[in-house]
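Q: Sharing a structure, written as structure tokens. Questions coming.
Taken together, the values in this text are just the output of simple stated rules run on the coordinates, not laboratory data. Since the structure is predicted, the reported quantities are computational estimates derived from the model, not experimental observations. As a convention, Cβ positions derive from the backbone with ideal geometry for all residues, glycine included, and neighbour counts pool all protein chains shown.
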């Protein structure tokens, strides 16, 4: 698992790059603030219910959560499931909002 900073991710989003973002928070957290990722809560990843992102196994997948802890766990699980290029957003949405606002 590699890490990606909020600054690097924002640059890539702003440049219009096609990214595979996966939000591993709970639905209510996603509803409050979201940067456009596919919602797959950590519990679903732990249960290996990842059908919606299964086609991305050989592509870069960037996971994020509130603080970076759950997404770090999710990244490790996804790697054991065969995902080959997983990045964790360091500091999660807290860092994103602190750096760029809501």
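Q: I need the semi-axes of the equivalent ellipsoid of the chain: take the C-alpha gyration tensor, multiply each eigenvalue by 5, square-root it, list largest first in whole angstrom. Numbers along the way, then the final one.
A: On the way: eigenvalues 78, 46, 28 Å².
Semi-axes from the Cα gyration tensor: 20, 15, 12 Å.
Q: I've got another one for you. If you average the sequence gap of Cα pairs under 8 Å that are 6 or more apart and divide by the length of the chain, what percent do you get for the contact order?
A: Working: 165 pairs, mean separation 35.6, N = 102.
Reported relative contact order: 35 percent.
Q: Something else about it: What value does segment 48-102 have for Rg/Rh, both radii from Cα atoms and Rh as Kirkwood defines it? Before the final figure, lay out the partial values.
A: Numbers: Rg = 12.0 Å, Rh = 11.6 Å.
Rounded to two decimals, Rg/Rh equals 1.03.
Q: Continuing with the same structure: Pick from 77, 13, 45: which is most flexible by mean-square fluctuation in a GNM of the chain where alpha carbon atoms under 10 Å apart are linked?
A: 13
Q: Neighbouring Cβ atoms within 10 Å as the yardstick, rank 66, 25, 46 fewest first. Show your work: numbers first, answer last.
A: On the way: 66 21, 25 24, 46 12.
By the 10 Å Cβ count, ascending: 46, 66, 25.
Q: What's the extension gain from residue 13 to residue 84 if we count 0.36 nm per residue and subtract their Cα-Cα distance?
A: Details: separation 71, 0.36 × 71 = 25.56 nm, distance 2.13 nm.
Gain on stretching residue 13 to residue 84: 23.4 nm.
Q: Between 54, 17, 79, find the one with the highest GNM mean-square fluctuation for the chain; connect C-alpha pairs within less than 10 Å.
A: So, out of 54, 17, 79, the one fluctuating most is 17.
Q: Can you give the angle from 0 to 90° between the axis of helix 69-80 and the longest principal axis of the chain, with both taken from C-alpha atoms, to the nearest 10?
A: Tilt of helix 69-80: around 30 degrees.
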